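All remarks here apply to the structure that follows.
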Amino acid sequence: MKIVDARNLTDSELVAKKKDARQEYFNLRLQQQTGALEKPSRLNELRKDVAKLETVLSERRLGLKVQSRTAKKSATTVDKKKK
């Protein structure tokens, strides 16, 4: 999941996705302990996804307006052209 995709979700969708990701992470950790885990890289993906979801929730809770990188790049390009 990309951070842009997470920012396009509603608050309730973010909470639901975070809950699902944490549950899947828990289940994969159990599989890892029993030696049945087939794709260990999925643990890192889930951990990062949870962090992205929590970041977006925190931004919304604090009322921060985050501008995407592409918007920032285009804004700086326009500024450079004006000079």
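The values are calculated or read from the model by the stated rules, or taken from the named source; none is laboratory data. What you see is a predicted model; the values in this text were computed from it and never measured. With ideal geometry, Cβ positions are generated from the backbone for all residues, glycine too; neighbour counts draw on all protein chains shown.
Observations on the structure shown:
- Selection within the stretch 33-44: residues that are part of a helix (DSSP H, G or I) and loosely packed, with under 13 Cβ neighbours inside 10 Å. The member of this set that is farthest from the chain's Cα centre (by Cα) is T34.
- Qualifying residue in the stretch 1-17 (condition: charged (D, E, K, R) and at pLDDT 95 or above): yes
- Pair list, Cβ < 9 Å and 6+ apart or interchain, from the stretch 21-40 residues that are farther than 21 Å from A51 by Cβ to residues that are part of a helix (DSSP H, G or I) and not basic (K, R): A36/L30; E38/Q31
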